Amino acid sequence: EMLEVVKKYSSRHPLKFAGQDFVVPEHLQLIEELISISPKGMDAGFLVNSGAEAVENAIKICMHNRHAMKFSVSFDGAFHGRTLGALSLHHSKFVHRHGYLLEANKELPFDDSAPDVLRELIDAYGADALGFVILEHFQGEGGYRIPSSFMVKKLFALARKFNISYVADEVQAGVGRTGRWWSFEHYGIVPDVFSAAKALQVGAVVAPRKNFPHEVGAISSTWGGGHILDMALGIKTIELIKRDKLLARNSKMGLKILKNLHKIEGISNPRGRGLMIGFDLPDTHVRDMFAAEALRRGLILLNAGERSIRVIPHYIIDQSEIDEGLRVIEEVASLVASPGFESKGKICEFMDCGAGHS
């Protein structure tokens, strides 16, 4: 069905419009679909081109008219994009931000001590100095870490008490990946603004209308969602998830994968929500060997953090595919556990054994 959408638009020209200047039905329809899957009160959306641009505009919304702001707050392991504003929030790989002039930011630990550290910052600088708090409610690049309910709810309560904007970055985890439309929904909270992209095919910012700047042109995006084809595919993605009840299916199939990962020797700390699953290996080198050897056997896995592997299958994965993938993981886990094992050959050269890849 996704390919039928591509076929339908294959003869259209132009496929790309300056979305803030010219109105196209797909632009409006995608925003309406986004609002339909967002919490009550999140009644306005803004389309952009990528996850980084979505984060940029989310933080612009928070910063607008907050004249006493001195710094933002993000978390250990955070990855929010490669543009300079988003990169200012970054605490994942040093190489990503080294050598750039970035905005003021303070790093919080990604654990249950975070609320206490946030309170210390409020006491030391005053709440008005904090522009916003931004959190991945399932951390991606930083190692597929899931914040505790205690951590999130305490942080959210502090943000509410002191009128500090709370941003949810849903670029990786959003649009159903964790078995909910948005990963923050697992915590029973509603942020002031959230970003989305990846599975949506375009970037987007969603917030209550009252939170957006009232001045025309205060925030904008020249292309506003990019290709019409991308917006049409985003619309179809949401439609299929709704129609085929893929949120519940993602939760069900993810639990099956997790249950079996716990039985495999040589890997540790299997964790996840829905079809966003990770596990750890002894160190970075073994993890990189693992990814290379899995690829040799036809299973594409992604690295995360220092020694984690991401398992992020498609939403319509079936039981036979799960069985095949688990078989490969079990084989590779046994292989890389052999003393002195090294992956060699063209695949390893292509991957550079994971170095520098994200």
- Message: When you scan segment 220-238, do you find a residue that is farther than 29 Å from Leu3 by Cα and surrounded by fewer than 23 Cβ atoms within 10 Å (Cβ to Cβ), even just one?
- Response: yes
- Phe184: free of Cβ contacts under 8 Å to residues at least 60 places away in the same chain and under 21 Å from Ala52 (Cβ atoms), yes or no? yes
- Message: Cβ-Cβ under 7 Å, sequence separation 6+ or interchain: first residue in segment 14-35 and touching a residue at least 24 places away in the same chain (Cβ under 8 Å), partner open to solvent by 80 Å² or more (accessible area, probe 1.4 Å) and outside any helix (DSSP H, G or I). Which pairs?
- Response: Lys16/Trp223; Ala18/Thr222; Ala18/Trp223; Gly19/Trp223; Gln20/Thr222
- With respect to the numbered conditions (1) in contact with a helix residue (DSSP H, G or I) (Cβ under 7 Å, 6 or more places away or on another chain); (2) among the hydroxyl-bearing types (Ser, Thr, Tyr); (3) open to solvent by less than 20 Å² (accessible area, probe 1.4 Å), which one is the sole condition not fulfilled by Tyr144? (1)
- Message: Just the residues that are open to solvent by less than 10 Å² (accessible area, probe 1.4 Å), aromatic (Phe, Trp, Tyr) and over 22 Å from Met231 (Cα atoms), please, taken from segment 150-186.
- Response: Tyr166, Phe184
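Anything in segment 14-34 that is modelled with pLDDT under 85, surrounded by 12 or more Cβ atoms within 10 Å (Cβ to Cβ) and of a type in the set (D, E, K, R)? List them, or say none. Steps first, answer last, please.
Let us first name the residues in segment 14-34 that are modelled with pLDDT under 85, namely 14-23.
Now narrow it down to the ones that are surrounded by 12 or more Cβ atoms within 10 Å (Cβ to Cβ): 15-17, 19-20.
Residue satisfying the conditions is Lys16 alone.
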- Show the residue pairs that are 6+ apart or on different chains and have beta-carbon atoms under 8 Å apart, the first residue being within segment 189-202 and more than 18 Å from Glu56 (Cβ to Cβ) and in contact (Cβ under 8 Å) with a residue 12 or more places away in the chain, the second being in a loop (DSSP other than H, G, I, E, B) and not charged (D, E, K, R). Val190/Pro39; Val190/Gly41; Val190/Met42; Ala199/Gly174; Ala199/Val175; Ala199/Gly176
- Query: Which of (1) open to solvent by 10 Å² or more (accessible area, probe 1.4 Å); (2) modelled with pLDDT of 95 or more does Val216 not meet, given it meets every other one?
  - Reply: (2)
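The values are calculated or read from the model by the stated rules, or taken from the named source; none is laboratory data. This one's a predicted model, so the numbers in the text were calculated from it and none came from an experiment. In this analysis, Cβ positions are derived from the backbone assuming ideal geometry, glycine residues included, and neighbour counts consider all displayed protein chains. For accessibility, only protein heavy atoms count, side chains too; no ligands or nucleic acids. Shrake-Rupley method; radii C 1.70, N 1.55, O 1.52, S 1.80 Å.
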